[in-house]
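The values are calculated or read from the model by the stated rules, or taken from the named source; none is laboratory data. Bear in mind that the values here come from a model prediction, so they are computed numbers and not experimental data. Here Cβ is always computed from backbone atoms with ideal geometry, including for glycine, and neighbour counts include all displayed protein chains. The accessibility values were calculated without ligands, DNA or RNA, using every heavy atom of the protein model including side chains. Shrake-Rupley method; radii C 1.70, N 1.55, O 1.52, S 1.80 Å.
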Amino acid sequence: MKITVIGAGYVGLVTATCLSELGHIVHVINRDPHKTASINAGSPPIYEKGLDTLLKKNIGKTLFATTDYRNIRDSNLVFICVGTPHQQDGSADLSMVRAASRSIGENLAKTEHSPIIVVKSTVPPGTTEGIVRPIVLKYAGKSDISFAMNPEFLREGRAVEDFFHPDRIVIGCSDNSIFTHVASVYRNIDAPILVTSIDAAEMIKLVSNAFLATKISFSNEIGNICKRDGIDVYEVMKGVGMDERISPHFLNAGVGFGGSCFPKDVAALIYFAESHGEDPIILKSVMKVNEIQANRMLFILKKRVGELKGKRIAVLGLAFKDDTDDVRDSRAIPVISQLLQEGAIVVAFDPVANITMEKIFPNICYCGTAEEALTDADACLVMTEWPDFSRLGNEFERMKSKIVIEGRRILSYHDREGICW
Ligand code: UGA
């Protein structure tokens, strides 16, 4: 099939590259010419495991990056994969979805051909039908264009693997021929396909993320309770997760969830509920527990080292999770902000995210190794579950005082205190 993917962020670029690997001819559109040049040169502008190899293999053959919308005129399908960041009030900023819809419409006005427009961006229920459809039809000046919603469930750092081995594929659409066309894109992927209404497909994505976030906040609350009594929350949740009805996934207690998805999607669902006159008590608590959890890191630190002014604090891990350089809503951000506010000297190390965090905190010290960050430190905070950190041992001996507080259960070093274990 000929496919156009609009947006070359994490979702767009992974989707485009993986679709080209499946044998489709894919054009990925991005407004930034530097980004498209980098993609066409075979170099992904983001770090994502396995993407580099697939991009190099397919670029110039079945995959092409461009700033030009003209390719959609002979595409069978157009996937909208632009960002929907959250605004101050928690609502999703749909300006990029609107802009993409308008560009699609303007280009379809110049051709007889009508591809199916598939929304993949995470959007509040009602967006595809209430915003994308009317904008595309208005600028295209026609009414015979079909629409579908096909949410993605890719995890950053494991996105390529998740693309080829999903738990399910959800296709929201209004008739069988649209379903058949969209489903055929994934014909080589072995996964159950669920067909739903467009609104339900939009809701499935938000609710999936909200439920996973709920599991994390629940585990964190249980961890906080367990720690008071010296009970290991990891033993507890292992036993709890062995119940098939609960499952062992997303029960790892720690400093809370970050990233560009969970905080944004829970906030979007809260906004959606409230704008429909509902009070989403559980969802609001999920966010509250997550906010408080970062403060606990500082609370334990201050209990152990006293006043933070002038103290050298090593922060290990800046990315919102392992295997990514993404620092969006990373739990390291509120922790570093508070450390700086209290006058601490922050010495940070992340295996890949030093550069991305430097844009947020240009004035802290970034180190090339964990050992360098730990040298002469008064305390250490572990913020990301990088597997490499599990091998750290002698490096901690270089600290001035060996106060090691873990926000993620990853160290094998014995002399450490967990945030909630
Ligand atoms: C999440 C979902 O897992 C994907 O299914 C979804 O497609 C994606 O959002 C999205 O909406 O695009 P992602 O944000 O990449 O994926 O990362 P996760 O692996 O889900 O982790 C999110 C956060 O939760 C991280 O900060 C991680 O450290 C934290 N986490 C995860 C925990 O604190 N405990 C856990 O047990 C699991």
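One table, with the values for the structure above:
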| item | result |
| --- | --- |
| Theoretical gain in end-to-end length, Asp74 to Glu358 [0.36 nm per residue, Cα-Cα removed] | 98.0 nm |
| Cross-link pairs Lys49/Lys264; Lys56/Lys215; Lys288/Lys402 - those with Cα-Cα distance over 28 Å | Lys56/Lys215; Lys288/Lys402 |
| Cross-link reach list, aspartates and glutamates versus Lys302, counting only Cα pairs under 20 Å and skipping chain neighbours closer than eight places | Glu291, Glu342, Asp376, Asp378, Glu406, Asp415, Glu417 |
| q = 0.06, 0.08, 0.09, 0.10 Å⁻¹, the chain: log10 I(q)/I(0) [Debye, one scatterer per Cα] | -0.28, -0.49, -0.61, -0.74 |
| Aspartates and glutamates with Cα under 12 Å of Lys321, excluding same-chain neighbours fewer than 8 positions away | Glu156, Asp329, Asp350, Glu385 |
| Low-density loop cleavage sites - trypsin sites (Lys or Arg not before Pro) in region 213-306, where at most 13 other Cβ are within 10 Å (DSSP) | Arg245 |
| Asp376-Asp232 FRET efficiency (beta carbon distance; Förster radius 41 Å; 0.05 resolution) | 0.85 |
| Solvent-accessible area, 1.4 Å probe, carbon plus sulfur percent, for region 295-421 | 48 |
| Ranked packing of 383-391, 76-84, most packed first, by mean Cβ within 10 Å | 76-84, 383-391 |
| Apportionment of accessible area to carbon and sulfur, region 195-261, percent (1.4 Å) | 62 |
| Gap separating the Cα centres of region 179-245 and region 2-76, nearest whole Å | 29 |
| Cross-link partners of Lys110 among aspartates and glutamates (Cα-Cα below 19 Å; sequence separation of 8 or more within a chain) | Asp68, Asp74, Asp144 |
| Virtual spin-label span in nm between Thr180 and Glu417, 7 Å along Cα→Cβ | 6.5 |
| Residue-normalised accessible area of region 150-237, expressed per residue, 1.4 Å probe, Å² | 48 |
| Carbon + sulfur, % of accessible area of region 114-167 - ligands and nucleic acids excluded, 1.4 Å | 49 |
| Filtered trypsin sites (Lys or Arg not before Pro), region 1-78: DSSP coil and at most 11 other beta carbons within 10 Å | Lys61 |
| Convex hull (Cα only) mean projected area of region 121-236, reported in nm² to one decimal | 9.7 |
| Surface accessible to a 1.4 Å probe, per residue, for the residues of region 36-144, Å² | 43 |
| Tensor-based shape of region 1-142 (alpha-carbon gyration tensor, a/c under 1.5 rounded, otherwise prolate or oblate) | oblate |
| Probe 1.4 Å - accessible area at Arg408, Å² to nearest ten | 30 |
| Bridge type composition, the chain - antiparallel percent by DSSP, nearest 5 | 10 |
| Region 82-137 pair-distance distribution - Cα-Cα, 5 Å bins, rounded % | 4, 20, 30, 22, 13, 7, 3, 1, 0 |
| Accessible-area ranking of Phe64, Phe218, largest first, probe 1.4 Å | Phe218, Phe64 |
| Contact order normalised by residue count of the chain, Cα under 8 Å, 6+ apart, percent | 12 |
